[in-house]
Amino acid sequence: MEPTPELLVVVPAYNEQASIRKVIVEWIEEIENWTEQFVFLVIDDGSTDATAATLERLKLKYGHRLHVISRENRGHGQTVSKAIRWRVTEAFRMFFK
């Protein structure tokens, strides 16, 4: 059983197909230089572009490192609240948004 990651990085996303791949790849590569104990949580807040498809391809590459929650658009505030609830449920020690 893997230990609970120390760091949770949350990325709210809405219609980010042009940038989401670059952001996720660069951040994961940088954080891997510091720790192996981290997870990315991307909350796709009802994107109408190819954001969801891009995230699915990234999940294949990064596996357990990348979690994606897709839902209908509820706005930035509720998206951040969802991330905080997920963090508490999963018992992460650090939270970065």
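The values are calculated or read from the model by the stated rules, or taken from the named source; none is laboratory data. Predicted model, so just to flag it, every value in this text is computed and none were measured. Cβ placement follows ideal geometry from the backbone for every residue including glycine, while neighbour counts extend to all protein chains displayed.
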If the Cβ limit is 7 Å and pairs must be 6+ apart or interchain, which residue in segment 6-30 that is farther than 17 Å from LEU60 by Cβ and touching a residue at least 24 places away in the same chain (Cβ under 8 Å) pairs with which residue that is outside any loop (DSSP other than H, G, I, E, B) and basic (Lys, Arg)?
-> LEU8/ARG87
Just give me the residues in segment 6-27 being of a type in the set (Val, Ile, Thr) and modelled with pLDDT under 95, in sequence order.
-> VAL9, VAL10, VAL11
Could you look through segment 29-59, keep only residues that are modelled with pLDDT under 95 and among the aliphatic types (A, V, I, L, M), and pick out the one that is surrounded by the most Cβ atoms within 10 Å (Cβ to Cβ)?
-> VAL42
Within segment 60-80, how many residues turn out to be in a helix (DSSP H, G or I) and either touching a Cys at 6+ places or on another chain (Cβ under 9 Å) or buried (at least 17 other Cβ atoms within 10 Å of the Cβ) (or both)?
-> 2
Which members of segment 1-40 meet the condition of being assigned to a strand (DSSP E or B) and touching a Phe, Trp or Tyr at 6+ places or on another chain (Cβ under 6 Å)?
-> LEU7, LEU8, VAL9
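Does ALA52 satisfy the condition of being of a type outside the set (Val, Ile, Thr), part of a helix (DSSP H, G or I) and in contact with an Asp or Glu (Cβ under 9 Å, 6 or more places away or on another chain)?
Against the criterion (of a type outside the set (Val, Ile, Thr), part of a helix (DSSP H, G or I) and in contact with an Asp or Glu (Cβ under 9 Å, 6 or more places away or on another chain)), ALA52 qualifies.
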